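Structure, as structure tokens:
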Amino acid sequence: MTRAEKESIVEELYQKFSNTNNFYITDPQGLNVERVNNFRRLCFKKKVEYKVYKNTLIKKALEKLDTDYTSFGESVLKGFSGILFSNESSNSPANIIKEFRKSAKSEDLLPLLKGASINSDLFIGEENLTALSKLRSKVELIGEVISILQSPVKNVVSALQGSQHTLAGLVKALSQREG
């Protein structure tokens, strides 16, 4: 690979990292060609991009970003590295990894989660996979907040509608008492 090709890949990666809020770095080592292709198909179906890059190129692209990814360079970028890019949801790549492992019906945990960046927050290590898979998306959180805010209003409206006759009687009794 020529120097110009490497610089082109670093620039491409830099653009992807800049334009993607969520990315996961995995270790696909040990997956045979068939399983890698099945994993790529699952990613494509779930609208998540998956590519394998050299660690040195990933490191150079991360160094160009504003966020400090030094800990990634020290502990995550070793061996083989595949990157899952997700714009849709922060938990989608984690769920894809878990789903793929279940469908593989084997006891290996491939691909391994090496690290993830969720809105510039760093998660390092396989032990974070379950927690990352339970993260809610921005849309889900907004929906929850809206339903929480609507709840008191709905209770008042339903109380008023359910007791229309009682309320009307109360208003009538109050108006007669004052008159």
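G73 fulfils the conditions (1) touching a residue at least 24 places away in the same chain (Cβ under 8 Å); (2) among the small types (G, A, S); (3) within 15 Å of L122 (Cβ to Cβ) except for a single criterion, (1). Of the residues in region 87-131, how many are buried (at least 19 other Cβ atoms within 10 Å of the Cβ) and either part of a loop (DSSP other than H, G, I, E, B) or not assigned by TED's automatic domain parsing to the domain that holds K16 (or both)? Residues in region 87-131 being buried (at least 19 other Cβ atoms within 10 Å of the Cβ) and either part of a loop (DSSP other than H, G, I, E, B) or not assigned by TED's automatic domain parsing to the domain that holds K16 (or both): 5 in total.
For region 71-86, the set of residues classified as exposed (fewer than 15 other Cβ atoms within 10 Å of the Cβ) and either in contact with a helix residue (DSSP H, G or I) (Cβ under 9 Å, 6 or more places away or on another chain) or closer than 21 Å to V33 by Cβ (or both) consists of K78, G79, listed by residue number. Listed by first and then second residue, the pairs linking a residue in region 27-38 that is within 14 Å of E126 (Cβ to Cβ) to a residue that is modelled with pLDDT of 90 or more and assigned to a helix (DSSP H, G or I), with Cβ atoms under 6 Å apart and 6 or more places separating them unless they lie on different chains, form an empty list.
Scan region 27-56 for residues that are buried (at least 16 other Cβ atoms within 10 Å of the Cβ) and either at positive phi or of a type in the set (V, I, T) (or both) and jot them down. Result: V36, V48.
The values are calculated or read from the model by the stated rules, or taken from the named source; none is laboratory data. Remember, it's a predicted structure, so these values are computed and weren't measured experimentally. Glycine gets a Cβ as well: all are built from the backbone with ideal geometry, and neighbour counts include every protein chain shown.
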